[in-house]
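The values are calculated or read from the model by the stated rules, or taken from the named source; none is laboratory data. Keep in mind the model is a prediction, meaning the values are calculated, not measured. For neighbour counting, all protein chains shown are included, and Cβ atoms are generated from backbone atoms with ideal geometry for every residue, glycine included. When the accessible area is computed, the model is the full protein with side chains, heavy atoms only, and any ligands, DNA or RNA have been set aside. Shrake-Rupley method; radii C 1.70, N 1.55, O 1.52, S 1.80 Å.
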Amino acid sequence: MMKITANDPALTSWVEIPKGSDFPIQNLPFGIFKSGEIMAAATAIGDYVVDLSFLHRVGFFDGLNLPPGIFAKKDLNDFLSLGRAKAREVRLRLSELLRTDNNELKDHVRAREKALLSINTVEMLMPVHIPNYTDFYSSEEHASNVGSMFRDPKNALLPNWKHLPVGYHGRASSIVVSGTPIHRPKGQIKPADAELPTFCPTQKLDFELEVAFVTCAETALGSHITTKEAEENIFGVVLFNDWSARDIQQWEYVPLGPFLGKNFGSTISPWIVTLDALEPFRVKGPEQFPHVLPYLSFEGSKNFDISLEVLIQPQAGQATIVSRTNFKYMYWNMAQQLAHHTVNGCNIQVGDLYASGTISGPSPGSYGSMLELSWNGQRPLHLADGSERKFLLDHDTVIIRGHCEKDGVRIGFGECKGNILAAR
Ligand code: MN
């Protein structure tokens, strides 16, 4: 395993880290914030965001050879394009500046007050401009549940599923940052007993609990990325909600796959947690059998132990946890997904988003969508306020959270949150 100094569990910060915080000194994710006139790249620590553009301007990153203004941008793409090694240097420098035993920023009161802003007073923006978005279908439990529900429980997985990471090209323009409301989409729906489709608001609005990775390289058309090279091209990961209209999806998806049932909106969490920060949380994935083709084989542990949960909060009620699962259950890992995606010569770009597909675990409480949790509406969920849900209602808020924990260190992702508004 790679030794990353900034991940040392023994490190402490002079910034107070509340118990259970997503952002200890071992995390140091990257995002874009806005506060009044200021819009810049930031990291998070405890209950603060740290303005990287300010730190850069006043000389705290001297010696790192960063391009001028690299953090004074509306997205992280130019910073990402410098690659993981450069981001590792920046993260290490931030770790130094925020350490208990370092006085450079701690004792520089004016700089400290300018650099650290209360996280509750800033607005988090989209961290990256996303040129391309792909959604995989890499959870065996999810694919089996959906296959059993709509096809045949005895042959839940289609013949290709264990030979390649199935995916489709999604819509990048409608990916929004956590906190952005989503209007209930309208579309064509054909109930099973109807002869013709009707046009109306979806009656089966759903979330999909996913984790997505962001790439930090540009490759040439015609080239490919091996499973061994893949992680050097992956900057980090975010939480992802692939909102889905199941009734629109069911009518439209044959034969080319998801379209308007998906492209009305997808939500990401605002902080990109680096693959470096996740290094201590590597675990082995499920055994893959039948054996994969050579271009999909890989060495080492390529899954990550990330606990995930989904909450539904009704307009006036308290939030209820409706699902608890883990990213470690994924059958296909990120390195295999990227290797497969490019094996035909497809090029990647800086800021591309690659989502895992719905992450379901083995037990009913670990399913990553309402479709599975309510088994297509047959088993309504009971929320804390006494109400029931088969699918999402207007004014429901869906909150996805995730964190890793080991050796007393807890690395979190912040929230991926979206509120449903009535159809327009
Ligand atoms: Mn999906």
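The listed residues 210, 231, 123, 287, once ranked by accessible area (1.4 Å probe) with the largest placed first, stand as 287, 123, 231, 210. Overall shape: oblate for the range 253-294, with the ratio a/c of the largest to smallest alpha carbon gyration tensor axis at 1.5 or above and b/c at least equal to a/b. Extension gain for the segment residue 279 to residue 19, taken as residue separation times 0.36 nm less the Cα-Cα distance, is 91.4 nm to one decimal.
If both residues of a DSSP beta bridge must be in the chain, then about 90% of such bridges are antiparallel.
Applying both filters, DSSP loop and at most 14 other Cβ atoms within 10 Å, to the trypsin sites (Lys or Arg not before Pro) of the range 209-306 gives 284. Considering only 103, 122, 81, and ranking their Cα positions along the charge dipole of the range 5-125 that arises from unit charges at the beta-carbon of Lys, Arg, Asp and Glu, the one farthest toward the positive end is 81.
Here the calculated FRET efficiency for residue 232 and residue 293, from their Cβ-Cβ distance with R0 = 25 Å, stands at 0.70, rounded to the nearest 0.05. Which log10 I(q)/I(0) values, to two decimals, does the range 12-148 give at q = 0.11 Å⁻¹ under the Debye formula with one point per Cα? At q = 0.11 Å⁻¹ the computed log10 ratios are -0.46. Surface composition of the range 91-232: carbon plus sulfur atoms contribute 53% of the solvent-accessible area (1.4 Å probe, protein chains only, all chains present).
Past the 28 Å Cα-Cα mark, which pairs from 262/284; 162/262; 34/328; 154/302; 162/406; 228/328?
Numbers: 262/284 31 Å; 162/262 24 Å; 34/328 34 Å; 154/302 30 Å; 162/406 31 Å; 228/328 19 Å.
Distance filter (> 28 Å) returns 262/284; 34/328; 154/302; 162/406.
Could you tell me whether the range 109-262 comes out rounded, prolate or oblate from its Cα gyration tensor? Rule is a ≥ b ≥ c as square roots of the eigenvalues, rounded for a/c under 1.5, then prolate if a/b exceeds b/c, otherwise oblate.
oblate
Of 334, 150, 399, which is farthest towards the positive pole of the chain's charge dipole, taken about the Cα centre with +1 and -1 on the beta-carbons of Lys, Arg and Asp, Glu respectively? The listed residue farthest towards the positive side: 150. A Förster radius of 41 Å combined with the Cβ-Cβ distance from residue 35 to residue 405 puts the calculated FRET efficiency at roughly 0.85. Farthest towards the positive end of the charge dipole of the chain, among the residues 289, 50, 205, is the Cα of 205, using unit charges on the Cβ of Lys, Arg, Asp and Glu.
Surface composition of the range 353-424: carbon plus sulfur atoms hold 48% of the accessible area, using a 1.4 angstrom probe and ignoring ligands, DNA and RNA.
Which value, in debye to the nearest 20, describes the size of the charge dipole of the chain about its Cα centre when Lys and Arg Cβ atoms bear +1, Asp and Glu Cβ atoms bear -1, and nothing else is charged?
Working: 40 positive and 47 negative charges, 44 e Å.
Dipole of the chain, to the nearest 20 debye: 220 debye.
Checking every one of the trypsin sites (Lys or Arg not before Pro) in the range 112-187 against DSSP loop status and a limit of 12 other Cβ atoms within 10 Å picks out 151. Exactly which trypsin sites (Lys or Arg not before Pro) in the range 19-87 are in a DSSP loop and have at most 16 other Cβ atoms within 10 Å? Loop-located and lightly packed - 19, 73, 74. The distance linking the range 385-419 with the range 350-380 is 13 Å (Cα centroid to Cα centroid, whole angstrom). For the pair residue 168 and residue 253 in one chain, pulling the backbone fully straight at 0.36 nm per residue adds 29.5 nm over the alpha carbon distance.
Tell me, what is the per residue accessible area of the chain in Å², probe radius 1.4 Å?
Working: 18560 Å² over 424 residues.
I get 44 Å² per residue for this part.
Structure remark: mean-square fluctuation, Gaussian network model of the chain, C-alpha springs under 10 Å; the largest value among 372, 309, 218 belongs to 218.
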